[in-house]
1. Report for the chain the percent antiparallel among DSSP-assigned beta bridges with both residues inside it, nearest 5.
2. If you look for lysine pairs in region 50-92 that are eight or more places apart or on different chains, how many of them have Cα atoms under 24 Å apart?
3. Test of the criteria: in region 72-126, which chymotrypsin sites (Phe, Trp or Tyr not before Pro) are in a DSSP loop and have at most 16 other Cβ atoms within 10 angstrom of their Cβ?
4. Treating cross-link reach as a plain straight distance, find the lysines whose alpha-carbon is under 19 Å from the alpha-carbon of Lys179, omitting any fewer than eight places away in the same chain.
5. Students often forget the sequence filter, so: which aspartates and glutamates lie under 16 Å Cα-Cα from Lys263 once same-chain residues fewer than 8 apart are removed?
6. Using Kirkwood radius over Cα pairs in Å as the read-out, say which of [x] 20.4; [y] 19.0; [z] 19.8 was calculated from these coordinates.
7. What FRET efficiency, computed as 1/(1 + (r/R0)^6) with R0 = 41 Å and r the Cβ-Cβ distance, is obtained for Lys229 and Arg128, rounded to the nearest 0.05?
8. Using a ≥ b ≥ c from the Cα gyration tensor of region 7-113 (square roots of the eigenvalues), is it rounded, prolate or oblate, where a/c under 1.5 gives rounded and otherwise the larger of a/b and b/c decides, a/b for prolate?
Amino acid sequence: MSQEENHQELVFVRGIELTADEALILQKLEEAVGEEIPYVKSAAMYNHGFSVEDKKITRLSLWKKELELFPESISELTNLKQLFLRDNKLKTIPKSIAKLSKLENFDVFNNQIETLPDNFGNLYELFRADLSVNRINFLPESIGQLKKLNKFGLLNIQLMELPDSIGEMTNLKWLGVWKNHLEELPESIGNLPILEKLWVQENKLESLPESIGQLNSLKDLQFFDNPIKKLPDSLTKLQNLQKLGINSKNTKKPFKLDEKQEKWIEQLKSKGCKVRY
């Protein structure tokens, strides 16, 4: 800790010590929100308030506050690790969010967000992101820079395509892109070495990329409710699946499995894999 930090003025807010700078930012944030933000021991998605470590705000939850504008003062809380903005009315995320260089968890589930800033990929420490239930048609190519991202929720955001850079997110274990408008998946998706769950059901997929057979760690693959006509031969290379959702009664254009694929499914079922088709 620098000498300047050692001598930084401290103030009490809600009975908790904060640096004077953090207290001032909190005050500006409360003015933007229009109410006092409570101190809580562990702010979380449904636990409204702020939490503190080493006299600095590291967790913030503004749940169900009817926010239409992203408060710029949030971007000044540069020690934030957890940010929950669920169930608001946000339409945009500003470029200034990239200032949150320590952010590990970003949750904006159920807003009205239409775009992400081009520099969203600069959140290099991000481990979990849930952007579900928004209006984001396209993701910036910069998301490939999120090398630590482990869980990526993109349910029902009206997404039209996944960028090729998705294949650079090599720490991904869970990718949920169901209930969107995807017509294809990029070949680069096969470059995710530890991906365990891939959910792309309820889209407009007519095929799956051959590279899907490279996902050796995959345990849960769901692609039912898509107008898929034919499955790639490489699919039978996936031998570690525990759950497989291939088809459903609602699929308008069901495909036929060839003999090799039928045998593969029977082998999976014999190993305890739960198959939906």
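No lab work stands behind these numbers, since they all come straight from the coordinates. Quantities reported herein were computed from a predicted structural model and do not represent experimental measurements. Counting neighbours? That spans all protein chains shown, and the Cβs are built from the backbone with ideal geometry, glycine included.
1. Taking every DSSP beta bridge with both residues in the chain, the antiparallel ones total about 25 percent.
2. 12
3. Numbers: sites: Phe84, Phe106, Phe109, Phe120, Tyr124; in loops: Phe109, Tyr124.
Passing sites in region 72-126 are Tyr124.
4. Those lysines meeting the cut-off are Lys151, Lys197, Lys204, Lys229, Lys243, Lys249, Lys252, Lys253.
5. Asp233
6. Label [x] holds the value from this structure.
7. Details: r = 35 Å, r/R0 = 0.85.
Calculated value: 0.75.
8. prolate
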